[in-house]
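Let me begin by presenting the structure, written as structure tokens, before commenting on it.
Every number here is computed from the coordinates shown, using simple stated rules; none is lab data. Note that the structure is predicted; figures quoted are calculated from it, not measured. When we count neighbours, we look across all protein chains shown, and the Cβ atoms used for this are built from the backbone with ideal geometry, even at glycine.
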Amino acid sequence: MCILLRRRLFFMSNPVRPMFQINIINEKAIEIVLGDSIDLTTHEKVMAWYRDLLSDPFPGFVSASPAYASVCVLFEPEKTGKPHPVDAVSEYLQEREKKIAVGISQAKITGGEVEVPVHYDGPDLEDVAARLGMTTAEVVALHSKTDYTVFMNGFLPGFPYLGPLPERLELPRRNTPRERVPAGSIAIAGRQTGIYPQTSPGGWHLIGRTDLRLFDPFRDPPVRLQPGMRVRFVPVF
Amino acid sequence: MKIRIIHNNGLVTVQDTGRPQWRAAGVPASGAADISSHRIANMLAGNSANAASLEYSGGHFSAVLLQGGRLAHAGAGGRLLLNGVEQPCQRTILAPAGALLEIRPRQDGNFSYLATSGGWNVPEMLGSRSTCLVAGFGGLEGRSLRSGDMLEAVMPAEYDLSGVWTSPWRAGEGPAVKNDETTIRVLPGPESDRWDADTRLRFFETPFTVGRRRDRMGVRLEGHFVPAQNVAMLSAAVLPGTIQVPPDGHPIVLMADAQTTGGYPRIAQVIAADLPLFAQIAPGGKVFFQETGIEEAEHLRLEQEKVMRKMQLALRFKMQEYAIR
């Protein structure tokens, strides 16, 4: 009876065999691959792994960092207490997958919501509107009426990869990246939108700017928009 | 030990073992580019590996010792001079107050490390004293050292000295860079199967040249190679030592200040044991990549760790013998 119930639960939570692949990156890093596209279902799996590893770390655990469809796990080989740390951590993650696969359906995104005030006056706004066959007001309306999820931080400290961007706003990156994108710039590329926390080079289309400080190393946590959070852009004039 | 910087026209930053625990925030790990030389400099100064050292990477650097104390200089690419006299690398040095300290470029590598008792005292930021140049925090105000800056040792210790004293012992030979041809061992990267077998073989059979475009974030390699058959991929984790191939076909080897995610196919990953050596190959130097497996990589890392621990033990005995605290 017990076995039957467990099998059934397993079956119910796995209508299709979910993607789960372990990539050994090096002696101290393993990547868990959970999908192959930018979508919220994959993101929920990524977040379930991320939260689970943070709340219940294994010996030697250093960090877990989410990406669109994967989580990278870093560990200190010496502190795992195992003679073959990479094998030991791989096996541990495989074992853990059984537990997490069952828990994913409950792991709804609960990362909080943030409103980001935006001056929609970016240097590419008119060009973006022209290329999409829209007015600038339509671009602003569409960009600011959408709810976004923070998929991950990357590229720069505190840079949030937000999505999905409405299909109607989809454009490839600029042919020539800018050498200097000012801090606070709101940008779009592909099905993503993001905010540059520091002045840096960048290849996305700049449609606005915010005064919100995204990264402050003196604060804990240092990052304003963290993976799993929901974001809404609010136009200010 | 306390110093005031007189002049610096290169990149000299405070570095320790970095902050890999903040990757999820998009914060680069940072830390010493050649972690082995950083560690040896620290051992010679009586410290553990995570004490902060100064990473020198070219240019003219000079400082005056406002307070004397213990120093050590290890790595490659820099010559240490005290009062105008060149000091040997990989040794413990005691220097008196008032001495003039200079580091000048040498052609044998890229990074040298200046350590002192307890490490250089800068505030810990996000769990590390390393300088994060891209976001301008950590180290000394998140930037390279400049004229007028003052730095102090965590454990100041004055010695009764009339001049500079250099230890008769030496901690290793320094980085084994052969600029005509250095072999670097790598593991296959997650996207390595996006090149067909023949092309992948070429990656290991033809030498690459370390390009002039290099910094603490990454090194561009010049050579005849091609992008992957399918370059489209979702941004995923990259680490120091990851070798990416962008659409122009010139591989990039990521270094200590690398961003945390990348969108170019990852063909290979430099093994931990060889990454410090790779960091020291000067622009124009040739590199051959050799494929290896994770078991071998783990074994080599462990062997290297054993050598380091032996060295640390031997140095501890020497310092006791010479009563250097």
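Each residue of segment A:121-136 was assigned a 3J(HN,Hα) from its phi angle through the Karplus expression (A = 6.51, B = -1.76, C = 1.60, θ = phi - 60°), giving 9, x, x, 9, 4, 5, 5, 4, 4, 4, 5, 8, x, 10, 8, 4 Hz with x at Gly and Pro. The Rg/Rh ratio of segment B:1-108, with Rg taken over Cα atoms and Rh as the Kirkwood radius over Cα pairs, comes to 0.99. Once you treat every alpha carbon in segment B:209-325 as an equal point and sum by Debye, what is log10 I(q)/I(0) at q = 0.13 Å⁻¹? At q = 0.13 Å⁻¹ the computed log10 ratios are -0.61.
Summarise the partner chain shielding of A:154-162 as one whole number: the mean count of Cβ atoms from other chains within 10 Å of each residue's Cβ.
6
Between A:Q21 and A:E76, residue separation times 0.36 nm minus the direct Cα-Cα distance comes to 17.7 nm. The packing ranking of peptides B:280-287, B:142-149, highest mean first, is B:280-287, B:142-149, where packing means the average number of other beta carbon atoms within 10 angstrom of each residue. For segment A:53-60, backbone phi angles converted through the Karplus equation (6.51, -1.76, 1.60; θ = phi - 60°) give residue-by-residue couplings of 5, 6, 7, 9, x, 8, x, x Hz, Gly and Pro being listed as x.
From the Kirkwood radius over Cα pairs of chain B, Stokes-Einstein at 4 °C and 1.567 mPa s returns a whole-number translational diffusion coefficient of 64 µm²/s.
The simple Förster model, with R0 at 35 Å and r as the Cβ-Cβ distance, assigns A:E170 and B:H299 a FRET efficiency of 0.15. Averaged over peptide B:61-69, the number of partner chain Cβ atoms lying within 10 Å of each residue's Cβ comes to 0. Let me know the charge dipole size of chain A about its Cα centre in debye, to the nearest 20, where only the beta-carbon of Lys, Arg (+1) and Asp, Glu (-1) is charged. My answer is approximately 520 debye. The lysines whose alpha-carbon is closer than 28 Å to the alpha-carbon of B:K2, local same-chain residues fewer than 8 away aside, are B:K318. Note on the protein assembly as shown: Kirkwood radius taken over Cα pairs, Stokes-Einstein applied at 20 °C and 1.002 mPa s, translational D equal to 85 µm² s⁻¹.
D by Stokes-Einstein for segment B:148-239, Kirkwood Rh over Cα pairs, 37 °C, 0.692 mPa s: 174 µm²/s. With a simple spin-label model that places each label point 7 Å from the Cα along the Cα-to-Cβ direction, the separation between A:R219 and B:D160 comes to 5.5 nm.
Distance between the pseudo-spin-label points of B:R170 and A:H84 (7 Å out from Cα toward the beta carbon): 4.0 nm. Cα-based radius of gyration for segment A:77-174, normalised by 2.2 N^0.38 Å, reads 1.68.
What does the highest-first list of A:180-188, B:298-306 look like by mean Cβ count within 10 Å?
Result, highest mean Cβ count within 10 Å first: A:180-188, B:298-306.
Spin-label model, B:Y322/A:A137: points 7 Å from Cα along the beta carbon direction are separated by 7.9 nm. Protection proxy ranking of A:64-71, B:252-259, by the mean of other Cβ atoms within 10 Å over each peptide's residues and highest first, is A:64-71, B:252-259.
Since only B:G293, B:P105, B:T17 are under comparison, the one whose Cα sits farthest along the positive direction of the charge dipole of the protein assembly as shown, derived from C-beta charges on Lys, Arg, Asp and Glu, is B:T17.
Past the 18 angstrom mark, what percentage of all C-alpha to C-alpha distances in segment A:111-156 do you count? So the pairs more than 18 Å apart make up 44 percent of the total in segment A:111-156. Over all projection directions, the Cα-based convex hull of segment A:113-235 averages an area of 6.7 nm². Karplus-derived 3J(HN,Hα) values for segment A:218-229, using 6.51 cos²θ - 1.76 cosθ + 1.60 with θ = phi - 60°, are 7, 9, 10, x, x, 9, 6, 10, 9, x, x, 6 Hz; glycine and proline are entered as x. Mean separation of Cα pairs under 8 Å and 6+ residues apart, divided by the residue count of chain B: what relative contact order is that in percent? That works out to 19 percent.
The mean count of C-beta atoms from other chains within 10 Å of the C-beta of residues in A:63-75, rounded to a whole number, is 6.
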